[in-house]
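To start, the structure under review is shown below, and the notes come after it.
Just so you know, all these numbers are worked out from the coordinates, no wet-lab data involved. Bear in mind the structure is a predicted one, so any value in this text is a computation, not a measurement. Note that we place each Cβ from the backbone using ideal geometry, even for glycine, and neighbour counts take in every protein chain shown.
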Amino acid sequence: MTKSVLSGLSTVTLAANGHYNNDILLAQSIRTIQKQMRASRNLIAADISAKLIKSVSDYPLSTALSDVEDYYNAGTLTTGVIDASTTVGIKETSTKELKQNVALAPPAARADIIRDGASSGAGGGGAGSGGAGSQDNIVRDTQTCKTTTLKDDNTKIINDWLRPDGVMNTAHRDTLKKFVAGLGGCFIVPQFLTAKELAEDRKKFVQLLRDKKQIP
């Protein structure tokens, strides 16, 4: 009898602990996503602030409205989850590269590689190691992505693709966001559309759309 009572109490205790731990995990996950949403909005708000000094011809109403829409979307739960996952993925990739670099390096050089990797926040590759566009010495980390504005024909092509009927196509927007996330670092869609340093990446994206028959 006593054994049965103790077994029952043990089961109840384990169930209560499991429920409590799940609540903690859920609360922490929500806080993490909220922090990512604020971080994403901060980047877009900074980009908008930098553009406010431009003339109407350089920063037209259509572009401003697009930026506002991106700012709104950055604060949604779906985007928060996607961006949080992207940030973690970038960190995972960088630390994996660091591990590989350390493993392949001579023993005497490993401490320096670890120190350099920790200070740069990258996997030992430093600035410009994030893939496409690295030839322009872009800093691809999760803190700062400085660019200069230079629109080109591909900027218009992508903008028209994003809004085929004058209204944002959410499926197209999500496709573009995934492509931009794949570049690494903290780049956001408005920067991708206008940055001089990302002109080659825009060209590649347009070619990708043509290959998929999404644009002529």
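Label points 7 Å out from Cα along the Cβ direction at N42 and R110: separation in nm?
The answer from the label model is 3.5 nm.
With θ set to phi - 60°, apply the Karplus curve 6.51 cos²θ - 1.76 cosθ + 1.60 along the range 102-108 and write out the HN-Hα couplings as whole Hz, x wherever there is a Gly or Pro.
With coefficients 6.51, -1.76 and 1.60, one gets 5, 5, 8, 7, x, x, 5 Hz.
Calculate, for L26 and E92, the FRET efficiency according to 1/(1 + (r/R0)^6) with r their C-beta to C-beta distance and R0 25 Å; round to the nearest 0.05.
0.65
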